Amino acid sequence: MPAILAFLRGRGSKKNVDGMARYAIVAPKVFGVSVGDIRSLGKEIGRDHDLALALWKSGWYEARMLTAFVDEPERVTPAQMDRWTKDFDNWAICDHLCFHLYDRTPHAWAKVKKWSTSREEFVKRASFALLAGLALHDKQGPDAPFIKSLQLIERASTDDRNFVKKGVSWALRSIGHRNLALHTAAVKTATKLAASSDKTAAWIGRDTLGDLRRPAVLKRFTR
């Protein structure tokens, strides 16, 4: 692992660190390496669960990002997911792990439900980023779990924390992109939220409707 950290250190730059900070991507230990370089390194290394655990333990932001490309989804445990998710300190590491690792594990749906009521901002966001990942990546999955998850979305829709509400909207929009039945269900939920007296729920509803009613989206379901 020292060689990996040395490589990441060599690829980092203050310019990248400053650029990340402008997008609210901050961490206690960061080199400033592009995601493209991290992805390429992950492909070169291959899958290695034990290495992923060590990389996460290092505390370096880029090393933790690398775990999404290195860890073995089938060996990731529920306890590991809880530990790592509690360490999330910005939206980028949250979304990256949910989108490139967590949604490929057999524990994904259980974590969507568990984390959806968390008081921790990035843990709660992880619930909905993971739900968005499942909606976009689990192409053969049945509709039923997504229909059921609309209850979680409604329940979380009044949480006005920036990264939570954006995660909730992302999940609802992603569900609505899957197929006609889920599009109809998502629009129904979004319409209900848009009419809410709660400003956060109403924002989520409007944001979702603006996306799901775009001509390009509707065309996919009316052919």
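The mean sequence distance of close C-alpha pairs (under 8 Å, at least 6 residues apart), as a share of the length of region 123-175, puts its relative contact order at 60 percent.
Longer than 25 Å from Cα to Cα, which of 166/192; 43/111; 57/165; 139/199; 14/57; 86/199 are they? Say none if no pair is. Walk me through the numbers on the way to the answer.
Values: 166/192 17 Å; 43/111 27 Å; 57/165 29 Å; 139/199 33 Å; 14/57 23 Å; 86/199 28 Å.
Those over the limit are 43/111; 57/165; 139/199; 86/199.
Residue ranges 95-106, 203-214 sort as 95-106, 203-214 when ordered by packing (mean number of other C-beta atoms within 10 Å per residue, highest first).
Its relative contact order, with pairs defined as Cα atoms under 8 Å and 6+ residues apart, puts the chain at 12 percent. With an 8 Å Cα cut-off and a minimum separation of 6 or more residues, compute the relative contact order for region 1-129 in percent. With pairs under 8 Å counted, the relative contact order is 21 percent.
Report, ordered by chain and residue number, the aspartates and glutamates lying within cross-link reach of residue 148, taken as a straight Cα distance under 19 Å and ignoring same-chain residues fewer than 8 apart. Filter leaves 103, 138. A simple charge model with +1 on the Cβ of Lys and Arg, -1 on the Cβ of Asp and Glu and nothing else charged puts the dipole of the chain at about 680 debye relative to its Cα centre. Once you have a ≥ b ≥ c as the square roots of the Cα gyration tensor eigenvalues for region 1-95, tell me rounded if a/c is under 1.5, and otherwise prolate or oblate according to whether a/b is larger than b/c. It is oblate, given that a/c is not under 1.5 and a/b is not larger than b/c. Each part reduced to its alpha carbon centroid, region 93-124 and region 192-209 end up 23 Å apart. Other residues with beta-carbon under 13 Å from the beta-carbon of residue 30 carry, at +1 per Lys or Arg and -1 per Asp or Glu, a net charge of +3. If you roll a 1.4 Å probe over the chain with all protein chains in place, what percent of the accessible area is carbon or sulfur? Of all accessible area on the chain, carbon and sulfur atoms account for 55 percent.
A helix-only calculation puts the chain at -21500 deg cm²/dmol for mean residue ellipticity at 222 nm, using -39500 (n - 2.57) for each DSSP H run of at least four residues, averaged over all residues.
Under the convention that each Lys and Arg Cβ holds +1 and each Asp and Glu Cβ holds -1, the size of the dipole of region 119-202 around its Cα centre is about 80 debye. With all pairs of different C-alpha atoms in the average, the Kirkwood value for the hydrodynamic radius of region 30-189 is 15.9 Å.
The values are calculated or read from the model by the stated rules, or taken from the named source; none is laboratory data. Since the model is a prediction, treat every value here as computed from it, not as a measurement. As a convention, Cβ positions derive from the backbone with ideal geometry for all residues, glycine included, and neighbour counts pool all protein chains shown. Heavy atoms of the whole protein, side chains included, go into the accessibility calculation; ligands, DNA and RNA do not. Shrake-Rupley method; radii C 1.70, N 1.55, O 1.52, S 1.80 Å.
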